[in-house]
Amino acid sequence: MTPDRPRARPPAAPRDDGGWFAHPALSLLLAAVWLLLRQSVAPADLITAAVLGLVVPKVTHRFLGPAARPRGLATIVRFVGTVLWDIVVSNVTVARIVLSPVSDPKPAWVRVPLDTRHPTAITLLATIITMTPGTVSSIVDDEAGEILVHALDCDDPPAMAAQIKQRYERPLMEIFG
């Protein structure tokens, strides 16, 4: 009989802890929000903001996945302006529809085919659609590569889908690649 030899363990897979700056935008956002909530730049609050900005993204890295790396500052600024403008215009339009006794809205389901596969871009697109009054993104169908949108008033669903792609998806594709 041969003596039992301890079995060699297979090498452990390297841990992906993301480093201390795995999500730099989230780190800055958390620190800024902490300081704004505290309404203070006292040393204790600055230290707490720095600790929160470093520790929370490090601890949650596995849940968040890789950080998005947006690019094109000019595109981002134009895009934010477009979204804010559309929200204001949509608020006025929805108020007119709701408050007018003679309005006859035509609700519709609109299928918006997606050209992007970037998860952050798709998430932002669905969020922007939902934030814009009069529309709600109901389903993001990864297999079909589309978002199903409910519109409060839509005469031409293909035109609305084209407008969503042109105004929102195209800039998001530029920003996130």
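Among PHE63, PHE21, PHE176, sorting on how many other beta-carbon atoms sit within 10 Å of each Cβ, with the fewest leading, yields PHE63, PHE21, PHE176. Residue-wise HN-Hα couplings along the stretch 158-175, as the Karplus relation 6.51 cos²θ - 1.76 cosθ + 1.60 with θ = phi - 60° gives them from phi, are x, 5, 5, 4, 5, 5, 4, 5, 6, 7, 10, 5, 4, x, 5, 5, 5, 6 Hz; Gly and Pro carry x. GNM on the chain, C-alpha springs below 10 Å: top fluctuator among VAL110, VAL59, VAL102? Result: VAL102 has the largest fluctuation of those listed.
Among ARG38, ARG96, a tally of other beta-carbon atoms within 10 Å of each Cβ gives an order, fewest to most, of ARG96, ARG38.
Select from PRO119, ALA50, TRP109 the residue farthest towards the positive end of the dipole of the chain; place +1 on Cβ of Lys and Arg, -1 on Cβ of Asp and Glu, and compute about the Cα centre. Checked the options; the winner is ALA50.
Which label belongs to the value computed from this structure, given these candidates for mean projected area of the Cα convex hull in nm²: [x] 12.9; [y] 10.5; [z] 18.3? Computing mean projected area of the Cα convex hull in nm² and matching it to [x] 12.9; [y] 10.5; [z] 18.3 gives [z].
When the dipole is taken about the Cα centre of the chain, and only Lys, Arg (+1) and Asp, Glu (-1) are charged at their Cβ, what size is it in debye, to the nearest 20?
On the way: 17 positive and 16 negative charges, 162 e Å.
Rounded to the nearest 20 debye, it is 780 debye.
Taking the square roots of five times each eigenvalue of the Cα gyration tensor of the stretch 73-176, the equivalent ellipsoid has semi-axes of 24, 17, 10 Å, listed largest first.
Taking 0.36 nm per residue of sequence separation and removing the Cα-Cα distance, the ARG170/VAL88 pair yields an extension gain of 27.4 nm.
Here the Karplus relation 6.51 cos²θ - 1.76 cosθ + 1.60, evaluated at θ = phi - 60°, turns the backbone of the stretch 59-71 into coupling constants of 6, 9, 4, 5, 7, 7, x, x, 6, 6, 10, x, 9 Hz, with x for every Gly and Pro.
In deg cm²/dmol and to the nearest 500, what is the mean residue ellipticity at 222 nm of the chain if only DSSP H runs of at least 4 residues count, each as -39500 (n - 2.57), divided by the residue total? Display every interim value, and only then the final one.
Values: 6 runs with 92 residues, N = 177.
Rounded to the nearest 500, it is -17000 deg cm²/dmol.
Amide H contacts of ILE139: LEU148, each under 5 Å away and 5 or more positions distant or on a separate chain (H built 1.01 Å from N in the peptide plane; Pro and chain starts excluded). For the stretch 108-121, putting each phi into the Karplus relation 6.51 cos²θ - 1.76 cosθ + 1.60 with θ = phi - 60° gives couplings of 8, 9, 10, 8, 10, x, 9, 8, 8, 10, 6, x, 5, 5 Hz, in residue order, rounded to whole numbers and with x for Gly and Pro. Sorted fewest first by neighbouring Cβ atoms within 10 angstrom, ILE147, ILE87 come out as ILE87, ILE147.
For the chain, the longest principal axis of the alpha carbon atoms and the long axis of helix 73-99 meet at an angle near 50°. Once you reduce the stretch 41-77 and the stretch 121-177 to the center of their Cα atoms, the two points are 27 Å from each other. For the chain, modelled as a GNM whose springs connect Cα atoms under 10 angstrom apart, the maximal fluctuation among ALA50, ALA108, ALA126 occurs at ALA50.
Each value in this text was obtained by applying a stated rule to the coordinates, not by laboratory testing. Computed from a prediction, not measured in an experiment: that's the story for all the values here. Ideal geometry is used to build each Cβ from the backbone, glycine not excepted, and the neighbour counts take in all protein chains shown.
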